[in-house]
Structures are given as C-alpha cells and as structure tokens.
Amino acid sequence: MIASTHNSTQQQTNFKNTAIRIGNHLAKEAIWDGDRCNWIGHIVDAVNGTYQVVQKSFTQDFYNGTSGIAYFLATLLRFHEDPILEDLLEGTINQVLSASGENDTLGSNFGFHGGRIGVAFSLKEVGKMRQRKDWIQAGDDLLDKICAAKIEDFELDVIAGAAGGIPILIKYYQESKKDLYLDTATRLGNFLVDKAEKNQTTWEWKTPMSSQALTGYSHGNAGIALALLELYAVTQNTVFYTGAMYGFNYERTTYNPSVQNWPDLREMGTDNTKPLTYGEGWCHGAPGIALSRLRAYELTGDNSFQQEAEIALATTYKNVYKQLTQGQDTANFSLCHGLAGNVDILLEGVQKSPNPLYQQIAEQAGNFGIEKHDKTGLSWLSGVHDPTGLTKGMGENPGFMLGISGTGYFYLRLAFPGQVESKLVL
C-alpha cells in the first residue's frame with residue numbers, strides 16, 4: 001500500500017525545490033549561440049522512412065519546443081528569482097523569436113501545442129509574467145499574423161488545429177475586446193462545423209491521425225467538441241452548441257462501462273479487426289476526457305458531464321495508483337501521457353469535483369518522483385516512446401509536454417495549487 005501523506009510547509013518546500021533543481025538542470029544543459037539557447041534531447045522522428053528515437057534540437061512549438069520551456073521558466077521565476085534562470089529565459093525567448101522569423105518550420109498556424117498560436121500565447125504570457133512589453137508585443141504581432149492565415153484542411157484538433165486555437169482566441173478577445181480575435185475564432189468554429197461528418201445524433205471529425213474519428217482530448221472529439229462549446233458560450237450561435245453536444249454524443253457511443261474508459265481508435269482499421277485498446281493519458285483516454293467533461297459541466301451545468309467526469313477521474317486515479325504500486329520502474333513523468341499529466345488532472349478534479357483521495361495520491365506521486373529521481377540524480381523518464389518497443393520511457397527530453405519542463409511545472413502545481421494553472425485544458 002502507498003503510505004499516507006499530508007500537505008505541509010515542508011512538503012511545499014520540497015516540491016518547489018524539485019522544480020528549482022529541474023530549472024537549474026535546464027540551465028546546465030542549454031546550448032548557447034550568442035544570445036540564444038536551445039537544447040538537444042530525445043524525440044521520435046522519421047529516419048529513412050521509419051520512425052525512430054533520435055537526438056536533435058527543438059523548434060519553437062509549445063508541445064516539445066522552446067516556447068513551452070520558456071513558459072515553465074517564467075512560471076518558476078514567479079516563485080524563485082534567480083539571475084541565471086532569468087538569463088536562461090531571455091536566451092530561450094530569443095530562440096523562440098529567431099525561429100518564428102525566416103526560419104519558421106511549424107506546419108500549423110492554429111494548433112495550440114504544435115502550432116504558431118501556442119508560440120504567440122507563450123510570448124504574451126511570459127511577457128506578462130516578466131513585465132516585458134517587447135515580448136508581449138511580439139506575441140500580439142504574431143497573433144495578428146495568424147488571424148490573417150488560411151485554415152489548412154488538417155487543422156482540426158487541439159494539438160494541430162482549430163480546436164486548440166479557439167480557446168486562445170476567446171481568451172484574448174475577452175481580455176482586449178479586439179473583434180479580430182472573436183471573428184477568427186468564429187471562422188475556426190465554422191470550419192469545424194463544415195468538416196464534421198454529421199449523423200442523426202452524432203458529429204465526428206476524422207483527423208490525419210486516423211481513418212476513423214478519434215476519442216480523447218488531444219486529437220479527438222473531446223477537444224473539438226469542447227472548443228465548439230467554448231465558442232457557443234461567447235457567441236450564442238446554436239450551431240456551435242449542436243456541434244458540441246453531438247460531438248460529445250459520438251464519444252458516448254464508444255464508451256465501455258466494463259473498463260470505464262473510451263477506446264483509442266488510432267490503430268483501428270476500416271474492417272475493425274484489431275482488438276480495442278484504451279488510453280490512459282491526457283492525450284488519449286479517460287484522463288483528458290475528464291478535463292473536457294469538467295469544463296463542459298462548468299459551461300452548461302449539465303449533470304451528465306459531471307457524471308462522466310467523475311467516472312473518468314476514477315479511472316485516472318486507478319491508473320496513478322497502479323503506476324505508483326506496480327509500474328515504478330517504467331513510470332514516466334511527462335504531462336502528455338505520463339504520471340505527471342494524470343496527477344495534474346486529478347488536481348483539477350480536486351478543485352472542481354472534490355475528492356480527498358485525489359489530493360492525497362497527487363502528493364504521494366510527487367514524493368515518489370523526488371525519491372526516485374530528484375534525490376538519486378537519475379534522469380526523469382520522458383514521454384518519448386520508442387516505436388520499435390525496445391526501450392520505454394526514454395530520457396532525457398527538455399520539453400513541456402514530453403519532458404522535464406512539464407515535470408517541473410507539475411511540481412509547481414503541487415507546491416502552489418491555487419496559483420499555478422493547469423495547462424492541460426485550454
């Protein structure tokens with residue numbers, strides 16, 4: 001059994017210090033070129049027609065690039081002023097700005113994690129945290145440029161498309177009342193409406209990830225339907241409400257009550273001959289779906305969303321408990337599909353669907369990471385999965401969703417739960 005724990009000033013200090021040590025490690029590993037810095041780390045990439053784990057430097061995306069790292073560093077500096085980390089943040093933002101110019105290689109404008117809108121978000125939010133008007137202006141300029149861009153056919157889901165852009169544009173519209181942002185969010189919503197495969201009681205979206213409409217937050221109906229619901233809340237356009245409700249209905253048709261989870265349909269062929277598998281991470285499966293339902297309940301007050309959220313949180317809790325008791329050698333601490341991400345989601349559950357077990361196991365997971373990695377000096381296992389299956393939990397990765405920047409952010413969430421927001425729901 002897992003030993004019980006309780007929140008304390010000492011524990012808060014331990015969690016904060018772990019985040020600080022991760023920040024210091026990033027400073028040690030940074031590779032500088034003039035006033036810019038980047039990192040080398042593990043990532044899955046195409047090599048000679050096959051996907052392999054390689055080591056390379058990173059683009060400016062939020063998911064696994066320098067803008068996500070910058071966001072962690074800026075958040076850390078809110079609670080721990082350090083001139084070395086301040087310089088590191090400046091170098092990281094300089095790299096983001098450089099990569100966002102003539103050297104820009106990102107394929108998506110509107111995806112939050114993999115697209116330019118996530119970079120604009122990081123520039124603006126980091127600029128606010130550090131009171132840097134030049135960074136805020138750079139984010140504003142990039143956001144205006146994105147709003148003028150064409151929506152590509154593949155830009156559907158949260159990571160790479162419209163579902164990731166809509167909540168960010170709504171956020172900045174509500175802050176600035178700039179019509180361009182709401183107009184662009186509405187354009188993205190209409191794009192999603194047009195791209196939906198519409199049935200009598202369900203809408204579904206087929207992304208480039210699969211020939212079949214997916215479930216889940218990152219690439220599936222949960223994230224897309226929630227984006228439409230966010231847009232309805234601002235515009236009161238009923239077509240967005242219909243799309244959201246029918247999008248959630250599609251996921252309900254796939255739910256398996258015997259495992260209390262929704263299937264990962266990425267590998268399902270058109271003949272449906274492969275057995276169903278069930279994801280257990282933010283990206284695919286109950287944890288990310290829990291976030292979508294918690295937010296949908298906030299927006300609508302519909303008890304069905306609360307009930308689904310509670311089911312999904314219970315499944316997430318079981319996954320965390322299993323990793324802490326049975327999978328300790330392979331548990332990775334990524335936000336995307338690791339222990340840190342699932343615990344982050346339980347912390348959201350504590351705030352919106354109170355359950356003392358969730359707070360307790362979150363703290364236990366934090367202490368487990370300290371004992372296994374922080375105190376021993378072992379690398380934090382990342383979320384980079386070798387597609388050959390030969391290795392598990394590859395280390396090391398500096399990024400936000402797959403690596404130690406996200407792990408450090410998770411520890412700040414544990415240390416300052418009322419002050420550090422989850423970045424797993426937009």
Exercise. Name the single residue, out of those in segment 281-313 being over 20 Å from the mean Cα position of the chain (by Cα) and within 17 Å of Tyr358 (Cα to Cα), that is most open to solvent (accessible area, probe 1.4 Å).
Key: Gln307
Quiz prompt | Filter result (part of a loop (DSSP other than H, G, I, E, B) and either open to solvent by 20 Å² or more (accessible area, probe 1.4 Å) or not small (Gly, Ala, Ser) (or both)) within segment 95-112 | solution = Ser100, Gly101, Glu102, Asn103, Asp104, Thr105, Leu106, Gly107, Asn109, Phe110, Phe112
Quiz item: Is it true that some residue in segment 62-72 is polar (S, T, N, Q), assigned to a helix (DSSP H, G or I) and free of Cβ contacts under 8 Å to residues at least 40 places away in the same chain?
Solution: yes
Quiz item: Is one or more of the residues making up segment 309-320 part of a helix (DSSP H, G or I), modelled with pLDDT of 95 or more, within 12 Å of Gly341 (Cα to Cα) and of a type in the set (A, V, I, L, M)?
Solution: yes
Quiz item: Out of all the residues in segment 198-236, which are aliphatic (A, V, I, L, M) and either open to solvent by 50 Å² or more (accessible area, probe 1.4 Å) or under 17 Å from Gly165 (Cβ atoms) (or both)?
Solution: Met209, Ala222, Ile224, Ala225, Leu226, Ala227, Leu228, Leu229, Leu231, Ala233, Val234
Practice problem: Looking at (1) acidic (Asp, Glu); (2) more than 20 Å from the chain's Cα centre (by Cα); (3) open to solvent by less than 10 Å² (accessible area, probe 1.4 Å), find the lone condition where Glu371 falls short. | Solution: (3)
Exercise. Scan segment 246-269 for residues that are under 25 Å from Ile166 (Cα atoms) and out of contact with any Leu (no Cβ under 8 Å at 6 or more places or on another chain) and report the count.
Key: 7
Practice problem: Taking the options Leu182, Leu169, Leu192, Leu188, name whichever one is assigned to a helix (DSSP H, G or I), open to solvent by 10 Å² or more (accessible area, probe 1.4 Å) and in contact (Cβ under 8 Å) with a residue 40 or more places away in the chain. | Solution: Leu182
Quiz item: Mind checking whether some residue in segment 403-424 is touching a helix residue (DSSP H, G or I) at 6+ places or on another chain (Cβ under 8 Å), over 18 Å from Ser8 (Cβ atoms), of a type in the set (Lys, Arg) and open to solvent by 10 Å² or more (accessible area, probe 1.4 Å)?
Solution: yes
Quiz item: Applying the selection to segment 34-59, what residues are farther than 16 Å from Leu88 by Cα, buried (at least 20 other Cβ atoms within 10 Å of the Cβ) and among the polar types (S, T, N, Q)?
Solution: Thr59
Self-check item: Filtered residues of segment 237-250 (kept if aliphatic (A, V, I, L, M) and buried (at least 24 other Cβ atoms within 10 Å of the Cβ))
Solution: Ala244
Quiz item: Name the residues in segment 333-360 that are part of a loop (DSSP other than H, G, I, E, B) and open to solvent by 10 Å² or more (accessible area, probe 1.4 Å), would you?
Solution: His337, Ser353, Pro354, Asn355
Practice problem: Could you list all residues from segment 236-264 that are outside any helix (DSSP H, G or I) and either in contact with an Asp or Glu (Cβ under 7 Å, 6 or more places away or on another chain) or within 18 Å of Glu204 (Cβ to Cβ) (or both)? | Solution: Tyr255, Asn256, Trp262, Pro263, Asp264
Exercise. Scan segment 324-350 residue by residue and report those that are in contact (Cβ under 8 Å) with a residue 40 or more places away in the chain and more than 21 Å from Asn64 (Cα to Cα).
Key: Leu324, Thr325, Gln328, Leu347, Glu348, Gly349, Val350
Quiz item: Do any residues in segment 372-400 that are closer than 21 Å to Gly65 by Cβ and at pLDDT 65 or above have Cβ atoms under 9 Å from those of residues that are basic (Lys, Arg) and crowded, with 22+ Cβ neighbours inside 10 Å, where the two are at least six apart or on different chains, and which pairs are they?
Solution: Phe400/Lys423
Quiz prompt | Residue check for Asp141: open to solvent by 30 Å² or more (accessible area, probe 1.4 Å) and in a helix (DSSP H, G or I) | solution = yes
Exercise. Scan segment 7-26 and report the pairs whose first residue is within 25 Å of Pro398 (Cβ to Cβ) and whose second residue is at pLDDT below 95 and open to solvent by less than 70 Å² (accessible area, probe 1.4 Å), with Cβ atoms within less than 6 Å and a gap of 6+ or a chain change.
Key: Thr18/Asp374
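The values are calculated or read from the model by the stated rules, or taken from the named source; none is laboratory data. Keep in mind that what you see is a predicted model, and the values were worked out from it rather than measured. Because the Cβ atoms are built from the backbone with ideal geometry, glycine has one as well, and the counts that use them run over all protein chains shown. All accessible areas refer to the heavy atoms of the entire protein, side chains included, with ligands and DNA or RNA removed. Shrake-Rupley method; radii C 1.70, N 1.55, O 1.52, S 1.80 Å.
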